[in-house]
Amino acid sequence: MADFIKRAAEDIARAKNIVALTGAGISVESGIPPFRGKGGIWEKFDPMEYAHIDAFLSNPAKVWQVLVKALIDVIGRAKPNDAHTGLARLERMGKLTTVITQNVDGLHQAAGNTDVIEYHGSFARLRCLACRTRCESATAELSRIPPRCACGGILRPECIFFGEMIAPEHLMRSGKAAGACDLMLVVGTSAVVYPAAGIPEIARNAGAKVIEINPEKTELTGSISDYLIRGPAGRVMQQVLEQLERLLQVR
Ligand code: OAD
């Protein structure tokens, strides 16, 4: 691993426009469970029963009760970890421009990144199914399930359920950022859910280096990514940044 940490620090030192693509794994060290793998949410719940838009619309109370409320609670307690703050430091250093995240937890913004594309939406906001008024999850009245808007309509989280389209502006901005970067950091994603999983390939086809940080191999390893740094994102990012700062001091 030490060799890859050094190599990543050197690649980052050379890079001028880094874009990060992140997934659930980056927030594991903040206490938010991933979707797949050991302890993953989809180990306990069938996504088609709880995360498909048709499931939500046919029984919003069930989806709120089992999944949405629990996730809003766990996200509400979570704080950014060293991987989130590492990406924010890379932005402050003038290296990283954009974070494209599949996560709905708002932790990149909490860490200080200013250009965050929330590809799968956010749990920070709710929207009324009837009048489309928005409100903040943190201040919404969630004791009654499903929660309701002042107009009486049912509130939904402003995330993308399976069966829904990614917002066109997110598709466009992500494609543009991926096509313009010279280095993409792919952190904590299994890269199995499209179209997000196709973003590293856009970067690679445009000539960027693609570095993965993940304790496990993914669909990108050995094909799309140049190399994988195996380990938990917080620890890896901290080591990469220490090495990078040493390198930049020497220069
Ligand atoms: P997954 O749950 O599919 O994958 C999590 C990844 O994080 C796996 O590759 C793990 O090996 C890795 N991982 C686990 N712990 C880690 C750690 N400490 N540090 C770094 N990586 C770690 O999550 P996503 O790829 O984000 O979509 O899933 C993509 C989409 O599938 C989600 O956005 C969600 C889900 O269904 C929707 O809800 C639309």
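The values are calculated or read from the model by the stated rules, or taken from the named source; none is laboratory data. Everything numeric in this text was worked out from a predicted model, so none of it was measured. Glycine also receives a Cβ, built like all others from the backbone with ideal geometry; neighbour counts cover every protein chain displayed. Protein only, heavy atoms only, side chains kept; ligands, DNA and RNA dropped before computing areas. Shrake-Rupley method; radii C 1.70, N 1.55, O 1.52, S 1.80 Å.
Using only the Cα atoms of the chain, construct the convex hull and provide its projected area averaged over every direction, in square nanometres to one decimal. Mind dumping the intermediate values first?
Working: hull surface 52.3 nm².
Averaged projected hull area, Cα only: 13.1 nm².
May I ask for the angle, rounded to the nearest 10°, between helix 2-14 and the longest principal axis of the chain, with both axes built from Cα atoms and the value confined to 0 to 90°?
Tilt of helix 2-14: around 90 degrees.
For the chain, find the longest principal axis of its Cα atoms and tell me its angle to the long axis of helix 168-180, 0 to 90°, nearest 10.
10
Using alpha-carbon pairs under 8 Å, 6+ residues apart, how would you state the relative contact order of the range 61-126 in percent?
Working: 68 pairs, mean separation 20.0, N = 66.
With pairs under 8 Å counted, the relative contact order is 30 percent.
Points 7 angstrom from Cα along the Cβ direction at K16 and L247: gap in nanometres?
Taking the two extended label points, one gets 1.7 nm.
Could you work out the helix-only [θ] at 222 nm for the chain, with each DSSP H run of four or more residues adding -39,500 (n - 2.57) and the total divided by the number of residues, to the nearest 500 deg cm²/dmol?
Values: 11 runs with 94 residues, N = 251.
The helix-only estimate for the chain comes to -10500 deg cm²/dmol at 222 nm.
Could you rank E216, E201 by how accessible they are, 1.4 Å probe, largest area first?
Reading off the accessible areas and sorting them downward yields E216, E201.
Dividing the Cα radius of gyration by the Kirkwood radius, what Rg/Rh value follows for the range 68-128? List each step's numbers first, then the result.
Details: Rg = 12.2 Å, Rh = 12.1 Å.
Rounded to two decimals, Rg/Rh equals 1.00.
Within the set K176/K209; K79/K176; K44/K217; K176/K217; K16/K79; K6/K209, which residue pairs have Cα atoms separated by over 19 Å? Write down the numbers at each step before the final one.
Values: K176/K209 16 Å; K79/K176 30 Å; K44/K217 23 Å; K176/K217 27 Å; K16/K79 29 Å; K6/K209 15 Å.
Beyond 19 Å: K79/K176; K44/K217; K176/K217; K16/K79.
Top to bottom by accessible area (1.4 Å), largest first, where do W64, W42 land? List each step's numbers first, then the result.
On the way: W64 0, W42 50 Å².
Most to least solvent-accessible, the answer reads W42, W64.
Run the dipole for the range 24-121 about the Cα centre, Lys and Arg Cβ at +1, Asp and Glu Cβ at -1, nothing else charged, and hand back the magnitude in debye, nearest 20.
Numbers: 10 positive and 11 negative charges, 52 e Å.
Dipole size: approximately 260 debye.
Compute, for the range 168-243, the length of the dipole vector about the Cα centre, with Cβ point charges of +1 (Lys, Arg) and -1 (Asp, Glu) only. Units Debye, rounded to 20.
Values: 7 positive and 8 negative charges, 6 e Å.
So the magnitude is around 20 debye.
Helix 233-250 versus the longest principal axis of the chain: what angle, 0 to 90°, nearest 10, using Cα atoms?
That works out to roughly 40 degrees.
Averaged per residue, what accessible surface does the range 22-99 expose to a 1.4 Å probe, in Å²?
On the way: 3650 Å² over 78 residues.
That works out to 47 Å² for each residue.
Can you work out D for the range 1-136 in µm² s⁻¹ from Stokes-Einstein, where Rh is the Kirkwood radius over C-alpha pairs, the temperature is 10 °C and the viscosity is 1.306 mPa s? Write out the running numbers ahead of the final one.
Working: Rh = 16.7 Å.
Here the translational diffusion coefficient equals 95 µm²/s.
Could you provide, to the nearest whole Å², the per residue accessible area of the range 208-248 with probe 1.4 Å?
I get 44 Å² per residue for the range 208-248.
Normalized C-alpha radius of gyration of the range 83-188, against 2.2 N^0.38 Å?
Numbers: Rg = 16.1 Å, N = 106, 2.2 N^0.38 = 12.9 Å.
Ratio of Cα Rg to 2.2 N^0.38 Å: 1.24.
What is the calculated FRET efficiency for Y194 to F45, with r their C-beta to C-beta distance and R₀ = 22 Å, to the nearest 0.05? Write down the numbers at each step before the final one.
On the way: r = 21 Å, r/R0 = 0.96.
Efficiency for this residue pair is about 0.55.
Using the Cα atoms of the range 196-251 to build a convex hull, what is its mean projected area in square nanometres? Display every interim value, and only then the final one.
Numbers: hull surface 18.6 nm².
Orientation-averaged projected area of the Cα hull: 4.7 nm².
Explain nothing, just the number: dipole magnitude of the chain about its Cα centre with +1 on each Lys and Arg Cβ and -1 on each Asp and Glu Cβ, in debye rounded to the nearest 20. Intermediate results must be reported in sequence, preceding the final value.
Details: 30 positive and 27 negative charges, 76 e Å.
Value, rounded to 20: 360 debye.
Among L228, P215, C181, pick out the residue whose Cα is farthest towards the positive end of the charge dipole of the chain, where Lys and Arg carry +1 and Asp and Glu carry -1 on C-beta, about the Cα centre.
Positive-end residue among those listed: C181.
With the dipole of the range 64-120 worked out from charges on the C-beta (+1 for Lys and Arg, -1 for Asp and Glu) around the Cα centre, which of N81, I100, I117 lies farthest toward the positive end?
Toward the positive end, the furthest listed residue is N81.
State the percentage of accessible surface on the range 63-166 attributable to carbon and sulfur atoms; use a 1.4 Å probe and exclude ligands, DNA and RNA.
Values: 2380 of 4650 Å².
Here it works out to 51 percent.
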